[in-house]
């Protein structure tokens, strides 16, 4: 019988020779849901949600490391539209060739989830969910905090400078694996976050998961996370209105979110051909997924 560590440290070789890392949580015989992690994240981000909840819902939650993060090999020329191919290969590898699956993307995983909705045939993809998801670079950023805006601007206009800054501020700290420093860093966030996210950061279990997923994101250095962030600011390779109407897309967003403003989510919802939106007046950024996981999973799996 495979241990929890075995399930969260899996590696697969793709047809082009690259390796990707992935983790599985919950019921291995349950409904398959691919969770796409946010920026500066990794396959371990799916552990934000208590595994008992995943198990009780009868869900097989699968989370993949994007190239250059965790166990996944760096891919210098990759684009947002490349990830659906990796997910399809992984789905076939883990026995889902003849079974539909669902996509759920959180925060910076939102663009990749929408890419899956655009590219993966509806015969394979049941539905797509986006939680606190980032929109195209050209959308209005009113309401986004200065940290997020500045990162996007730097990654867009000065990618090499952004890469260096990311290494200076986070990459080298991750290599040192100084957990005390990371704990203090997340405690500092408490002062600038909306109240619902403050409660998340005060939860020791969640903070521990945040540290683990971030350390794993920088396991290979800062190149992968920096490239990932740069892609958010470039054309995605498709337009939201081009996503097939056959594919149902769900948008879940907190109205108090300052990392990705709710105005961005509303615009995305209006542009999607087949969309159901849920806006939470008392939620912010990570709090939406953590506090409403059961409702979100039930909706995208119906």
### Task
Search region 244-271 for residues being within 12 Å of residue 129 (Cα to Cα) and either without any contact (Cβ under 8 Å) to a residue 24 or more places away in the chain or more than 16 Å from the chain's Cα centre (by Cα) (or both), and hand back the single one that is surrounded by the fewest Cβ atoms within 10 Å (Cβ to Cβ).
269
### Query
Do you know which residues across region 202-218 are touching a helix residue (DSSP H, G or I) at 6+ places or on another chain (Cβ under 8 Å) and either assigned to a helix (DSSP H, G or I) or surrounded by fewer than 19 Cβ atoms within 10 Å (Cβ to Cβ) (or both)?
206, 207, 209, 210, 211, 212, 213, 214, 215, 216, 217
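Rundown of residues vs (1) surrounded by 14 or more Cβ atoms within 10 Å (Cβ to Cβ); (2) under 18 Å from residue 258 (Cβ atoms), yes/no style:
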residue	(1), (2)
117	yes, no
128	yes, no
141	yes, yes
145	yes, yes
152	yes, yes
162	yes, no
170	yes, no
174	yes, no
184	no, no
### Task
With respect to residue 91, determine if the residue is on the phi < 0 side of the Ramachandran plot, crowded, with 20+ Cβ neighbours inside 10 Å and at pLDDT below 95.
no
### helices (runs of 4 or more DSSP H) contained entirely in region 84-197, each with at least 2 residues that are within 23 Å of residue 209 (Cβ to Cβ) and in contact (Cβ under 8 Å) with a residue 40 or more places away in the chain
110-119, 146-157, 172-176
#### Entry: Filter result for residue 69 (over 19 Å from residue 100 (Cβ atoms), more than 19 Å from the chain's Cα centre (by Cα) and touching a residue at least 40 places away in the same chain (Cβ under 8 Å))
no
### Message
If the requirement is being assigned to a loop (DSSP other than H, G, I, E, B), within 19 Å of the chain's Cα centre (by Cα) and either under 25 Å from residue 200 (Cα atoms) or at pLDDT below 95 (or both), which of these qualifies: 39, 76?
### Response
39
### Query
Any idea which residue in region 245-272 is nearest to residue 196 (Cα to Cα), counting only those that are out of contact with any helix residue (DSSP H, G or I) (no Cβ under 7 Å at 6 or more places or on another chain) and in a loop (DSSP other than H, G, I, E, B)?
257
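The values are calculated or read from the model by the stated rules, or taken from the named source; none is laboratory data. Owing to the predicted nature of the structure, the values given are computational and were not obtained by experimental measurement. Neighbour counts are summed over all protein chains in view; Cβ atoms, including those assigned to glycine, are modelled from backbone coordinates with ideal geometry.
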